[in-house]
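Heads up, the thing below is written out as structure tokens.
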Amino acid sequence: MTGRSPMSMMQPRPLLRRTAPPRRRRRLWLFVVPLALVLLAGGWTLLWFYAADIAGNAEAAWIAREAAVGRFYACGKQSIGGFPFSIVSRCDQASATFKTTNPPFDLHAANIAFSAQVFRPTVLNGEITGPVTLADPGRPPVFAANFSGAHISLFGLPPEPEAITVTVQKPQLDRVLGPGSGRIFQADAVDVTGRIISGSARRNPVIEATGRFSSATAPTFHPLLAEPLHGNVDFVLRGFSDFSPKPWPALFREMAASGGGIEIKLVRLDRPDAILIGTGNLTVNAQGRLNGAIQVSVVGIDTIIPLLGIDQLIGQGIDRLTGGSGSADQGLSALDRLMPGLGGVVRQSAASSVLENIKKIGKPTEIDKKPALALPVRVDDGVIYLGLIPLGIVPPLF
């Protein structure tokens, strides 16, 4: 026996005290945390340089792809930055030479900067600083474009491009040299996108192109464009064997040879006094000219028809009958010489007659709950006809 009483043996034992962890463990964390931060920073730096290399290769591949079709780009000064979250390549005094177009021309811009995110180095986003000038090779600028912002996005890696988007805010185009100098075009915004929706760039690509513009005017091109115009365009190109670097005329030759064509999914133009919507399909013949049919619906036909220049066509016909050179003014002036004011009477009555005949071939319809007229427009060997009236000529595509 130990000499302890039974009562003393039944007393609870005192709890053991917890001992504090050694001080060296606390000191260890003082080294682990900074070391982890250093390793993380080093890893992120390596990742940035790796992504920058991929983005640089993507940019170089795009430039090489363009050079293969006669479009050459150069920089007065180039730099790369953007660390740590993006890669930015800046090009000051940027220039481009387009040698395979007819005619060839040069472009110059104050600055272009392409950027890519570290985790998406194959998506290049470009910002252009104006003005952008266009000139004949080695000559002073003929046209100058200004804007409040211009953005380009390139998706994919050559030779497998996927899409391109161009957005321009407040664009203005002026002729700065030669006859007709002054404002040619302006708008609040222009947005254009092209993307491959089927096949691939290497094999049978199907390309969809869409465009939007708002408050656009171009009065020197056509009276229809004198009022602010809002528009949406959506069409699909089929018949290309591939989308390797080549001029557009070569692509359209492939389209003609393969029996492809252009599907017009939507063309919508909104003026303050009229609306025009068109859909249809076009093909390209062996001579590079368009053939096909477009269904056009118009709100405000009484406004649109006079702006199509019907009186000019009538005057040209009269001039040819009187042995002239085909000038509309000469043709109607010939009638005025026979009887003062006769040319104006013929102009007005003929235009009214044409308008009534066009209304007869159209079918009533609606656009945005407004009464409209659906009209068949055909394209025959590049000539656009509304009924029997030629409206214009589309140049050959190759």
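Does anything in the range 261-305 have its amide N under 18 Å from the 7 Å Cα→Cβ label point of K359, and if so which residues?
274-275, 297-305
Between I80 and S200, how high is the FRET efficiency from 1/(1 + (r/R0)^6) when r is the Cβ-Cβ distance and R₀ = 35 Å? Nearest 0.05.
It comes to 0.70.
Within 10 Å, count the other beta carbons around each residue, average over each peptide in 358-371, 191-204, and list them highest first.
Highest to lowest by the protection proxy: 191-204, 358-371.
Would you please name the trypsin sites (Lys or Arg not before Pro) within the range 73-117 that are DSSP coil residues with at most 15 other C-beta atoms within 10 Å of their C-beta?
K99
Excluding residues fewer than 8 places away in the same chain, name every one of the aspartates and glutamates whose C-alpha is closer than 17 Å to that of K360.
D302
Would you calculate the separation in nanometres between label points at N285 and R212, each defined as 7 Å from the Cα along the Cα-to-beta-carbon direction?
Placing both labels 7 Å along Cα→Cβ, they lie 3.8 nm apart.
Would you tell me the accessible area of W248, worked out with a 1.4 angstrom probe on the heavy atoms of the protein chains, in Å² to the nearest 10?
We get 110 Å² for W248.
Quick one: order R212, R65 from most to least accessible surface, probe 1.4 Å.
R212, R65
Run the simple label-point estimate for T303 and A68 please: 7 Å along Cα→C-beta, distance reported in nm.
Rounded to a tenth, the inter-label distance reads 4.8 nm.
Taking 41 Å as R0, compute the FRET efficiency from the Cβ-Cβ separation of S181 and W248 and round it to 0.05.
My answer for the efficiency is 0.90.
With the other protein chains left in place, how much accessible area per residue, in square angstrom, belongs to the range 49-199 at a 1.4 angstrom probe?
Dividing the accessible area of the range 49-199 by its residue count gives 54 Å².
Which entries in K170/K246; K77/K99; K265/K369; K265/K363 show an alpha-carbon gap greater than 26 Å?
K170/K246
If one computes the Cα centroid of the range 64-104 and of the range 158-197, what distance in Å separates the two points?
A separation of 17 Å, based on Cα centres.
Compute the label zone of T45 within the range 82-115: residues whose backbone N is under 20 Å from the point 7 Å along Cα-to-Cβ.
Correct set: 82-88.
Given the alpha-carbon gyration tensor of the range 184-320, what are the semi-axes of its equivalent ellipsoid in whole angstrom, ordered largest first, with each equal to the square root of 5 times an eigenvalue?
Working from the Cα gyration tensor, I get semi-axes of 31, 20, 14 Å.
Once label points are set 7 Å from the Cα along Cα→Cβ at both T129 and T193, what is their separation, rounded to one decimal in nm?
For T129 paired with T193, the spin-label model returns 2.9 nm.
The values are calculated or read from the model by the stated rules, or taken from the named source; none is laboratory data. Model, not experiment: these values are computed from the prediction. Cβ sites come from the backbone with ideal geometry, for glycine too, and all protein chains shown count toward neighbours. Side chains included, ligands, DNA and RNA excluded: accessible areas come from the protein's heavy atoms. Shrake-Rupley method; radii C 1.70, N 1.55, O 1.52, S 1.80 Å.
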